[in-house]
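Heads up, the thing below is written out as structure tokens.
The values are calculated or read from the model by the stated rules, or taken from the named source; none is laboratory data. Quick caveat: nothing in here was measured; it's all calculated off a predicted structure. With ideal geometry, Cβ positions are generated from the backbone for all residues, glycine too; neighbour counts draw on all protein chains shown. Accessible surface is based on the protein model in full, side chains and every heavy atom, while ligands, DNA and RNA are left aside. Shrake-Rupley method; radii C 1.70, N 1.55, O 1.52, S 1.80 Å.
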Amino acid sequence: FLLDATTISLCLSLFDWARYKTAKGAVKLHTLLDYDGNLPAYVNITNGRTADNKGAYDVPLHKGSVIVADRFYNDFALLNVWDSNGVFFVIRHKENLQYASIKENTLPEDRHKNILIDEVIELKTQTSRKNYPKKLRRVAVWDDKNGQTIEIITNQMSWTANTISELYKSRWQI
């Protein structure tokens, strides 16, 4: 599943219940797309002020699901809920993520050259570790199209780093 949210502006004079800012109205559409058909599997409409990650707590997920999302869902309490329910996630992590490298996985000789690093990490800050006490996998990928490194975290330890990078790349469709 691909998870994302978008803010939809509304005319405040017509939709006074949708107050977003002083003179603006809005709702936020939290959408879970089925990867196979790019069709919505679930839509949650909240007020415009609801943070992306907060709207994700209400998304119904089944054990074995795979969620691909951007850094706005980098909420370790949310990720822990998903992990505890048997849901896998592939999330772009925030630039200020504080972690310690536990083990660097060897990159195969025949690997895709865009894979820069594949490692097992643990969170460093006490709050982050409290919210997500387990180890994570961090995959760094070079995005040639945009000339940047993309760093991804996941709780999936057995897939190849390329599979993880391709899953994250698939969310660019939305």
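Observations on the structure shown:
- The set of residues in region 11-51 that are without any contact (Cβ under 8 Å) to a residue 12 or more places away in the chain, closer than 23 Å to residue 92 by Cβ and part of a strand (DSSP E or B) contains only 40.
- Every test in (1) over 21 Å from residue 152 (Cβ atoms); (2) in contact (Cβ under 8 Å) with a residue 12 or more places away in the chain; (3) of a type in the set (A, V, I, L, M, F, W, C) is passed by residue 56 save one, and that test is (1).
- The one condition in (1) open to solvent by 10 Å² or more (accessible area, probe 1.4 Å); (2) more than 17 Å from residue 53 (Cβ to Cβ); (3) in contact with a strand residue (DSSP E or B) (Cβ under 8 Å, 6 or more places away or on another chain); (4) not in a helix (DSSP H, G or I) that residue 110 fails to fulfil: (3)
- In region 17-33, the residues that are of a type outside the set (A, V, I, L, M, F, W, C) and closer than 23 Å to residue 171 by Cβ: 28, 30, 31
- When residues of region 52-107 are limited to those that are in a helix (DSSP H, G or I) and among the aliphatic types (A, V, I, L, M), the one farthest from residue 128 (Cα to Cα): 56
- Filtering region 3-25 to residues that are in contact with a helix residue (DSSP H, G or I) (Cβ under 6 Å, 6 or more places away or on another chain) and closer than 30 Å to residue 79 by Cβ leaves only 5.
- The number of residues in region 70-83 being surrounded by 22 or more Cβ atoms within 10 Å (Cβ to Cβ) and closer than 13 Å to residue 51 by Cβ comes to 1.
- Residue count for region 113-137 satisfying the condition of being open to solvent by 20 Å² or more (accessible area, probe 1.4 Å) and not β-branched (Val, Ile, Thr): 13.
- Of all residues in region 84-94 being in contact (Cβ under 8 Å) with a residue 12 or more places away in the chain and open to solvent by 70 Å² or more (accessible area, probe 1.4 Å), the one that is nearest to residue 149 (Cα to Cα): 94
- Test: residue in region 1-10 that is within 14 Å of residue 67 (Cα to Cα), at pLDDT 90 or above and not in a strand (DSSP E or B): yes
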